[in-house]
Amino acid sequence: MTLRPSATVFGGALLKPVQHSSSQRVELGELNSSPSEGQQNFHRLIVDIILMIKVCRRFRAGLKGLSGFHLIEKDCRGKIEDDIKSSNIVFDRHEFSVSKDHFPFRAIQITKKPPTWRTESEIKHLRNCLQLLESFRQYSPTLQYLLAKVIRFERFGRRRVIIKKGHQATAFYFIYFGTVAITDDEDGSSAFVEAAPTTLHKGASFGEIALLQKTKRIATVVCMEETELLVVDKKNFFAFKLDKELQHEFKTRYDFLRNLDLFQTLPDSSIDKIANFCKIEKYHFGQVITTDLAETYSMIFITKGICEVLRLVNLSTCPSYKKWITKQLRFPKRRVPVKERKRRDAEIASVDRFKSTLWSSYSGHKLRDLKTHYLQQKNSSCESYEKQICLSAKNCKSVVINVQKHDKSPSTVQENGSLLPEPLQPDEQERVQNIISGVFRQKSAYSTAYGDMPDSVAAAVYIRLDQLNKGDYIINLEDNRVIVLVSQGAEIIQLKKEKIELWADDVTTVKLSKLKVKYPSDDELCQVFLRQNAWEMFKKDLLKLVMQPKLMKMVHPPHPCPTAEVYDSWCLNQQGILDLSSLCCRMPCLPDKHKHVPAQLSRTKESLPVIQPKLVHGISVVRPNLDGAF
Ligand SMILES: Nc1ncnc2c1ncn2[C@@H]1O[C@@H]2COP(=O)(O)O[C@H]2[C@H]1O
């Protein structure tokens, strides 16, 4: 890209009118003999500025790709006032702010300076950056300030051991970026082979136990990926009384575990040990704590707030769903108003007219070729289409057999011995016509243990199995189905089962073994869903019955024209309701109107049909009209 020479006026007099007052803009006008020339100059200047901004932006974007290069960017997050802790503010803007993942370059530069060289504004800047960390944020503003004065920055690569079990403690750490794992071995290698290692992420802190209890390190801490840490040395840890804050945190954990019925018989020393090997973790509202409870190998305790236990039920595998769907298909046809029926009939008639015109414009010979061509194409592209190919092949065979049978008809055999195109069967005609007119839709079905079902009714739904409140805990699921745990603004403690078993006495061990959680089967859940669904749909219908006449008068003309939607066989509307209501009307099948979320079901644990069910909130079917019911 070449820059026009006038771009060099940057920093000169011409730039002033753009940036400053109207009097200066007049000066610009005075510089030019005619106003139109002035306007032209002004326009050119603006274009140049825009161009330069674009060039700069490109450069910045390009430079960001170079590893190790950091652009110094202005900290726009504002200053945190000292009295923030003392006020009763409950809204924390940092929970909603988006920031770059890595520790900012300017902050790194500050941490490289010795504490005495750091200026007031630099310490405040550093403190602002550290406010992003959950564990740092909970300290008093004074302690935050003191930490920002002395904190060091360190970056480590994957597999690097930060703390070795059994070593002397020299520092305490905050994680700014990356993930670390806690292991029992010395080199931390087990973290890379374990199915679910204990991990700590951005915002967490570690390395306090050995400092607080003046013992050796109780575990190894290893980097699972590139990790950025902020380090507080031992002498500052005690000088700034950080130990007092962490002791308080430990006591909260200890008290919670001490008050649990489960650990009633355990001595204080065992509770103390268990409390060393866990942390209180905070999860936002709606945040997934674990996508598969069975695979965490941990016991989860709710210390604050609520958690929901969810199960993604694939309705397509449930016998109750199959039975229900079959019943829906047999439901009597919905009564269509005469006016609408006439309109639809007219539309269908015109489509038929179009098809027959199309049909008659092709000779039988051409149609046979066309059919073979399309069928071959379908055969190669789609496996599930094979059935239909077989069917048509059978049909062709029967045609040949028929020809042989009806040898009397000389027109079926050509002179060279080859068969003349036989008149197609009506259903074949229909199919070929459909292919030609582009309306052909492959009606694929999947087979379950309970019979064949059309793909379009394959649906999955999240069902709430349980709600866990403060003091509840979850361990030992009775089945190995995928169960999800979602926070509703909860704080939890995750404890490895082996750590509990290590310090548990006989009574606790018996209690633990008896703690088996059994949730209803998928089919039972499906039945609950169908019952709830019927109730939800009834409520909707009722609301519609009451509200629609009023709303219609307000926003719609008295007789709205039916749209193409009436032809949607089954579609997922914007509220996630799978609409099967037109199944009984036998309308032509069109694809889904709205995009749907495919349910991500794990195939390792459950044997499911090879289909991707849609994630739905509800299912709408033909329901009795509520008109006149009230
Ligand atoms: N189960 C755990 N969950 C989170 N952090 C842990 C766990 N076990 C040990 N740690 C941390 O790992 C650190 C290892 O060094 P320390 O013993 O000083 O302090 C330890 C704790 O901070």
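A compact table of results
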read-out	value
Residue 523-residue 109 FRET efficiency (beta carbon distance; Förster radius 60 Å; 0.05 resolution)	0.45
Directionally averaged projected area (convex hull, Cα atoms, segment 212-348), nm²	19.0 nm²
In segment 133-178, trypsin sites (Lys or Arg not before Pro) in a DSSP loop with at most 16 other beta-carbon atoms within 10 Å	158, 159, 160
Two-site label geometry, residue 514 and residue 140: point separation in nm, points 7 Å out along Cα→Cβ	4.7 nm
Formal net charge of residues neighbouring residue 492 (Cβ-Cβ distance under 12 Å; K, R +1; D, E -1)	+2
Computed E for residue 273/residue 245 - FRET, C-beta separation, R0 22 angstrom, nearest 0.05	0.55
Three-way shape label, segment 153-238, alpha-carbon gyration tensor, a/c 1.5	oblate
Gain in span if fully extended, residue 497 to residue 297, counting 0.36 nm per residue against the direct Cα distance	71.4 nm
Cα-based shape type of segment 464-546, given that a ≥ b ≥ c are square roots of the gyration tensor eigenvalues and the cut on a/c is 1.5	prolate
Nitroxide proxy distance, nm - points 7 Å out along Cα→Cβ at residue 184 and residue 534	5.3 nm
Shape box of segment 103-208 [Cα atoms, principal axes, largest first, Å]	46, 24, 23
Computed FRET value (nearest 0.05) for residue 121 with residue 152, which takes r as the C-beta separation and R₀ as 25 Å	0.80
Length-normalised contact order of segment 172-220 in % [C-alpha pairs under 8 Å, at least 6 apart]	46 percent
Coil-residue GluC sites (Glu not before Pro) of segment 469-526, DSSP, other Cβ within 10 Å capped at 11	478
Per-residue SASA entry for residue 261, accessible area with 1.4 Å probe, Å² rounded to 10	100 Å²
Extension gain from residue 160 to residue 44, taking 0.36 nm per residue of separation minus the Cα-Cα distance	36.2 nm
Spacing of the two label points (7 Å from each Cα toward its C-beta) at residue 472 and residue 353, in nm	6.4 nm
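The values are calculated or read from the model by the stated rules, or taken from the named source; none is laboratory data. Computed from a prediction, not measured in an experiment: that's the story for all the values here. Glycine gets a Cβ as well: all are built from the backbone with ideal geometry, and neighbour counts include every protein chain shown. With ligands, DNA and RNA removed, areas are computed over all heavy atoms of the protein, side chains included. Shrake-Rupley method; radii C 1.70, N 1.55, O 1.52, S 1.80 Å.
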